[in-house]
Amino acid sequence: MPTPHIELKDKDLIAKTVIMPGDPLRAKYIAETFLKDVVQINGVRNMFGYTGKFNGKKVTVMGSGMGMPSIGIYSYELFKFYDVEAIIRVGSAGAYTDKLKLYDVVLAKDAWSESSYAKTMGVTGRKTLPATKSLNNRLLKSAAKVGVTLHTETIHSSDVFYRVNPDEFKDIYEKHNAVCVEMESFALFTNAKALGKKAACLLTISDSLVTHEATTAQERQEAFKEMMLVALNSI
């Protein structure tokens with residue numbers, strides 16, 4: 001300690017459960033909006049991390065960056081070197097079906113991916129990896145407590161944001177029953193499996209590949225409060 005990407009020397013300043021949005025500015029927003037007695041625990045590469053208290057319980061929130069290599073680095077270091085036991089990703093996603101509307105909240109049952117991340121890590125050659133069931137159950141109980149409906153579904157973790165064939169999502173939805181797309185959870189679930197930790201993913205629908213509706217960058221940073229409250233109240 002510190003690690004190459006996290007500057008904190010005292011691992012006791014990181015909570016056992018970390019809430020991890022992709023956007024470090026979303027981490028900053030969560031800390032400033034919901035936490036008390038906040039201390040910044042990381043600023044390397046502007047990947048902001050904060051520890052504070054929510055309802056009297058210690059919680060850490062930290063950005064992961066975009067894509068599997070990025071969350072792969074940060075989640076691994078938190079799990080391996082800072083004794084973090086659980087990471088809850090809170091991210092945005094694009095809907096593959098008109099059954100999901102803007103701002104709907106999806107709880108990932110598992111993540112399917114074309115990525116070679118798990119194979120390269122030496123963990124598994126499987127293309128679908130599950131979230132931790134006990135952590136998902138905590139999130140479901142929290143959602144019921146705060147009155148938020150969760151859609152528990154398979155999601156798609158993609159290595160690319162832009163595709164040559166933008167309609168390829170239709171085949172992915174049909175073949176793999178993945179209802180939305182993001183870019184991180186498969187790597188997070190891989191690291192949890194590799195290190196015997198817990199991982200879960202909550203996603204708010206920010207845009208639709210079917211209807212072409214979309215939220216703004218500002219809304220993605222600050223308006224996904226239902227998802228944030230579900231994660232915070234699960235701790």
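The values are calculated or read from the model by the stated rules, or taken from the named source; none is laboratory data. Quick caveat: nothing in here was measured; it's all calculated off a predicted structure. Positions of Cβ are generated from backbone atoms using ideal geometry, with glycine treated the same way; all protein chains shown enter the neighbour counts. Remember, those area values only see protein heavy atoms, side chains included, never the ligands or the DNA or RNA. Shrake-Rupley method; radii C 1.70, N 1.55, O 1.52, S 1.80 Å.
Taken along the Cα-to-beta-carbon direction at a fixed 7 Å, the label points for V146 and E213 span 2.2 nm. Legend: Rg and Dmax of region 100-226, from Cα coordinates, 14.9, 43 Å.
Applying 0.36 nm per residue to the separation of K57 and V160 and subtracting their alpha-carbon distance, the gain on full extension is 33.4 nm. Here r is the Cβ-Cβ distance between S116 and D37 and R0 is 25 Å; the resulting FRET efficiency, rounded to 0.05, is 0.05.
Dipole check for region 1-110: with +1 at the C-beta of Lys and Arg, -1 at the C-beta of Asp and Glu, and the Cα centre as origin, the magnitude is about 160 Debye. Comparing N165, N55, N137 in a Gaussian network model of the chain where C-alpha atoms under 10 Å apart are linked, the largest mean-square fluctuation is found at N165. In a reduced charge model with +1 at each Lys and Arg Cβ and -1 at each Asp and Glu Cβ, the chain shows a dipole moment near 920 debye about its Cα centre. At the residue level, V39 shows approximately 70 square angstrom of accessible surface with a 1.4 angstrom probe and all protein chains present. Loop-only chymotrypsin sites (Phe, Trp or Tyr not before Pro) in region 152-235, please: DSSP not H, G, I, E or B, and at most 11 other Cβ atoms within 10 Å. In loop regions of region 152-235 (DSSP not H, G, I, E or B), the sparsely surrounded chymotrypsin sites (Phe, Trp or Tyr not before Pro) are F161, Y162. Size descriptors for the chain: radius of gyration and Dmax over Cα atoms are 16.5, 49 Å. Placing unit charges on each Cβ (+1 for Lys and Arg, -1 for Asp and Glu) gives region 128-235 a dipole about its Cα centre, and among H176, P166, A131 the Cα reaching farthest toward its positive end belongs to A131.
Were the residues from A194 through R45 laid out at 0.36 nm apart, the gain over their Cα-Cα distance would be 51.1 nm.
Solvent exposure of D171, expressed as accessible area, is near 80 Å², computed with a probe of 1.4 Å over the protein chains only. The helix-only estimate of mean residue ellipticity at 222 nm for the chain, built from DSSP H runs of length n ≥ 4 each weighted as -39500 (n - 2.57), is -9500 deg cm²/dmol after division by the residue total. Shown here is the pair-distance distribution of region 48-174: with all Cα-Cα distances grouped in 5 Å bins from zero up to the longest one, the shares run 2, 8, 15, 21, 22, 17, 10, 5, 1, 0 percent.
Once the Cα atoms of helix 24-34 and of the chain are each reduced to a long axis, what angle between those two axes, in degrees from 0 to 90 to the nearest 10, is obtained? With rounding to tens, the tilt is 60 degrees.
For region 74-133, the solvent-accessible area with a 1.4 angstrom probe is 41 square angstrom per residue. Sorted from greatest to least, the principal axis extents spanned by the alpha carbons of region 183-235 come out as 38, 26, 16 Å. Note on the chain: with neighbouring protein chains present and a 1.4 Å probe, carbon and sulfur make up 51 percent of its accessible heavy-atom surface.
Kindly give Rg over Rh for region 16-55, based on alpha-carbon atoms, with the Kirkwood expression for the hydrodynamic radius.
Here Rg/Rh amounts to 0.93.
Beta bridges from DSSP with both residues in the chain: antiparallel share about 40 percent, rounded to the nearest 5.
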